[in-house]
Amino acid sequence: MRVINTPADMKNHIGEDFGASDWVLIDQATIDKFAEATGDHQWIHVDVERAKTEMPGGKTIAHGFLTLSLVPRLSATIWKIEHRSRGLNYGLNKVRFTAPVAEGARVRLRQKLLAADDVKDNGVRLTFENTLEIEGAKQPALVAEGLSIVFP
C-alpha cells in the first residue's frame, strides 16, 4: 500500500501509476446480492440455468455498476493519505464498461493519478484513471475517470 502524508502531497504524484489491488472473486452470491440491493434482476445476471444455454461462456455476468461499485473498496487497498480529516466522492468524468465479468472471474483495480487540484477549504480534488482488470483477459472490465475530494 502506498502511504501519502497529506492531501497536498498528492500533487507530487500526478501521472504516477499507483499500482493494483489484490484479485477479488466475483461469485454468484455477490451478483445476487447486488441484484437485490439495486432491483436489477435481469436474467443475464441472476438466471444461472438460462445463462448455461444462452450466454457466451455459459455463465451469468456481473452488473456493470457492480464492477464500478468495487472502485472505492479496492482503491482503499492501494493507497491512503495518512493525515486527512475526510474524503468525499465527487463523481465521474467518464465511465466505459469495456468487457463483461463472468461469474467466477477475478478482478482487480489499477489506478493512475491524473490530477490533484486545490479546491476551497484547503481540499484537494483527485482525478484517477481507474481500470478494473479481469484476470487472464486482455480487455479490462471497465475504465472510469473518478474524482474525489480530500481534506486535511
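Suppose we filter S75, S85, S69 for residues that are touching a Phe, Trp or Tyr at 6+ places or on another chain (Cβ under 6 Å) and of a type in the set (S, T, Y); which single one remains? It would help to see each step written out before you state the result.
Values: S75 fails: touching a Phe, Trp or Tyr at 6+ places or on another chain (Cβ under 6 Å); S69 fails: touching a Phe, Trp or Tyr at 6+ places or on another chain (Cβ under 6 Å).
Only one candidate passes the filter, namely S85.
Condition check ((1) touching a strand residue (DSSP E or B) at 6+ places or on another chain (Cβ under 6 Å); (2) within 16 Å of E135 (Cβ to Cβ); (3) surrounded by fewer than 17 Cβ atoms within 10 Å (Cβ to Cβ)) across all residues:
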position: P56; (1), (2), (3): no, no, yes
position: T67; (1), (2), (3): yes, yes, no
position: R86; (1), (2), (3): yes, no, yes
position: L92; (1), (2), (3): yes, no, yes
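For region 1-19, a residue qualifies if it is surrounded by fewer than 16 Cβ atoms within 10 Å (Cβ to Cβ) and closer than 29 Å to G136 by Cβ, and the qualifying residues are M1, R2, G15, E16, D17, G19. Of all residues in region 56-113, how many are more than 12 Å from the chain's Cα centre (by Cα), within 24 Å of V150 (Cβ to Cβ) and among the polar types (S, T, N, Q)? Looking only at that region, the number is 3.
Within region 132-147, the set of residues being surrounded by fewer than 18 Cβ atoms within 10 Å (Cβ to Cβ) and assigned to a strand (DSSP E or B) comprises V143, E145, L147.
Values in this text are rule-based calculations from the coordinates and carry no lab data. Not measured: the values here are computed from a predicted model. FYI the Cβ positions are ideal-geometry reconstructions off the backbone, even for glycines, and counts take in every protein chain you see.
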